[in-house]
Each structure stands twice: as structure tokens, then as C-alpha cells.
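Below is one structure; the comments refer to it alone.
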Amino acid sequence: MEKLERNIIWHDRKRTFLGLPWSFTVYDLSEDRLFVKTGFFTINEEEIRLYRVLDVQYKATLGQRIFGLGSIFLTTSDHSAHNLEIKSVKKAKSVKEMLSARIEEQRDKKRVVNREMMADPCLGDDDHDDFDEEVDQN
């Protein structure tokens, strides 16, 4: 598909030596999906719906920072791409922020709620079950 058919709002390639886009990995972001296309002889294209992204993380090594690059790590509820890395792209920090905003928009639009189990430190019980109480052995 062409970029116009997907309404692409961000496009980049995985950068290699000296920050140059000499690879066969292409990233495209539309309003509601992230596309990762890899390969030369055999092409593999992964599509992730943004509302399925659970966590977004940014990392940049010293070498990446020298060339203005970084990587974005996504944790998703997608079975085929549970952990996805957007490797060595330009302006990765701003891309991460744009991606986070789009993810929240899609989650709100689809009415997706992420529920996390959290302990209440005031109760002193980590998981709110009855197994934490001491049992009297006498």
C-alpha cells in the first residue's frame, strides 16, 4: 500500500552506520495503526492497532545520541508482536510523545480501559488475600 492510502502521519527507516537509513526496516504510523515492514527478498509486515499498546518506553545509547537517534520499545496485547522495538530512528523522543498521544486518543475512542492491580500501602496487605496473615501453630 502507498502512504496516501493509509494516511501516514510519520514515516522513518531503521538507521544503521552513522545514522544513515541503510536498512530494509520501514516504520509507518497512521491515525490508528503502526506498521513495521522488514525484509528485502521476503517482506514481512506487522500491523499493530494503537489501542492495543500497553506501555511505551524510550532508550538511547551514547552512539545513538551522537547521531540524533533513539529507540522506542512498545509492550502490546498483540500476540504476534507482544514486545516491539522501533530501532534507531531520528527524533525518537518526539516520536515517542506523538505515539503516546495517538495511543491515548485511540484508547479513548475505542473505550479501552487498562486496569492495573495495585496494593494499598495503608492496608499493609500486598495482594489483599487472606494468606498474608500469620497462622498460629499451637
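Just so you know, all these numbers are worked out from the coordinates, no wet-lab data involved. For clarity, every value in this text was computed on a predicted model and none was experimentally measured.
Translational D (Stokes-Einstein, µm²/s) of segment 1-97 at 4 °C and 1.567 mPa s when Rh comes from the Kirkwood sum over C-alpha pairs?
Roughly 94 µm²/s, to the nearest whole number.
Out of residues 5 or more away from residue 54 or on other chains, whose amide H comes under 5 Å of its own, with H placed 1.01 Å from N in the peptide plane?
Residues meeting the amide H criterion: 75, 76, 77.
Holding the Cα-Cα limit at 25 Å, pick out from 14/109; 87/110; 90/110; 37/90 the pairs that are longer than that.
From 14/109; 87/110; 90/110; 37/90, over 25 Å: 14/109; 87/110; 90/110.
Could you give each residue of segment 61-75 its phi-based ³J(HN,Hα) in whole Hz, using Karplus coefficients 6.51, -1.76, 1.60 with θ = phi - 60°, and x for Gly or Pro?
With coefficients 6.51, -1.76 and 1.60, one gets 6, 4, x, 5, 5, 4, 9, x, 10, x, 10, 10, 10, 10, 10 Hz.
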